[in-house]
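Read through the structure below, which is laid out as structure tokens, and then see the notes.
The values are calculated or read from the model by the stated rules, or taken from the named source; none is laboratory data. What you are looking at is a predicted structure, and each value in this text was computed from that prediction instead of being measured. No Cβ is skipped: glycine too gets one built from the backbone with ideal geometry, and neighbour counts run over all protein chains shown. Only protein heavy atoms, including side chains, enter the accessible area calculation; ligands, DNA and RNA are left aside. Shrake-Rupley method; radii C 1.70, N 1.55, O 1.52, S 1.80 Å.
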Amino acid sequence: MDSAALRTLEYTKVIDRLVNLVATQRGRELAEALQPSSEYQTVESNLALTEEAVRVLRHAASIPFGGIRDLRQVLGRARVGGGLSGEELLAVGSTLRAVRLLKGFFAEYAEFIGGLEPWVQGLTVSRNCEFAIERSIDEHGTVKDDASEKLSQLRREIRVIQGRIKDKLDSILRSSQYKSYFQDALYTMRGDRYVIPIKQEYRHQFPGILHDQSASGATVFIEPMALVNMNNDLKGVISAEQVEVEKILLALSLQVAAAADPIEANCDILAQLDFVFA
């Protein structure tokens, strides 16, 4: 069918309505690419799939397509040994969970799915990969404290050192000896060091290391000498924590890489199912 006929039929409005009903990015792409077909068998087959989807929807109010993410770039990087971020692993875990839930959902409506069954049977549940991510990555894409025993220990150390630093800072800020030096009775961070804002005219009277100054020059940010060793300790533990986090992320990335083919096949099927149900 030529473009003039499609314009006359306001075909784009039909597609816009369809696009508004898809739940996934890849389903949207299939909807946007939909064109009329002159092949009778193709049309008949597609209408049969739509009819089966409608039959399922008559018995179920909605299909659990939530949580599906577009993993094409993520899987591509995992395949070549690239490390995935916590957010990317969370997207993988969310999609794997959606596959598991959909598989269970369609098992309840097996008598109605007809021609959709090959797609449903083609979905592969990757429990090990899904649960490994769930155990290690929280809902914000951050590596959980208990992702490893070492990480748990390091983060406890960080909290202890930070507590000691803040107690010392509070003690300094309450000191009558330095009260007039403070621009504000508070502390802040410069880089990975705890510092105190000091009035410029007192910079040489306050014992510590200068790290920065305000744009106006009226305030300087000084790390008290009493904190230098504790800040060094904190920096060392934070560095060790980052190494452990990267180790955990890489291990999970390798697990995703090992399951990349079935995960990608799942994503193809999910897009088709989303499109048909839309």
Links that overshoot a 22 Å alpha carbon limit, given the list 103/144; 144/235; 166/247; 150/247; 103/247: 103/144; 166/247; 103/247
The chain, accessible area per residue, ligands and nucleic acids excluded (1.4 Å, Å²): 57 Å²
Whole-angstrom Cα spans of the stretch 178-229 along principal axes, big to small: 27, 22, 18
Scaled radius of gyration (Cα, divided by 2.2 N^0.38 Å) that the stretch 146-254 gives: 1.30
nm² value of the averaged projected area, convex hull over the Cα atoms of the stretch 1-115: 9.7 nm²
Fraction of accessible area attributable to carbon and sulfur, the stretch 165-278 (%, probe 1.4 Å): 50 percent
Projected label distance in nm at residue 158 and residue 35, using a 7 Å step from Cα toward the beta-carbon: 5.3 nm
Calculated [θ] (222 nm, deg cm²/dmol) that DSSP helices of n ≥ 4 give over the chain, each run adding -39,500 (n - 2.57): -19500 deg cm²/dmol
Theoretical gain in end-to-end length, residue 9 to residue 179 [0.36 nm per residue, Cα-Cα removed]: 53.4 nm
Placed amide H near residue 137: partners under 5 Å, 5+ positions off or other chain: 144
Spherically averaged projected area of the chain from its Cα convex hull (nm²): 22.7 nm²
At R0 = 25 Å, FRET efficiency that the Cβ-Cβ distance of residue 145 and residue 232 yields, to 0.05: 0.60
Helix runs (DSSP H) in the chain reaching 20 Å along axis by Cα, Kyte-Doolittle at least -1.0: 40-59, 86-108, 149-174, 228-258, 260-277
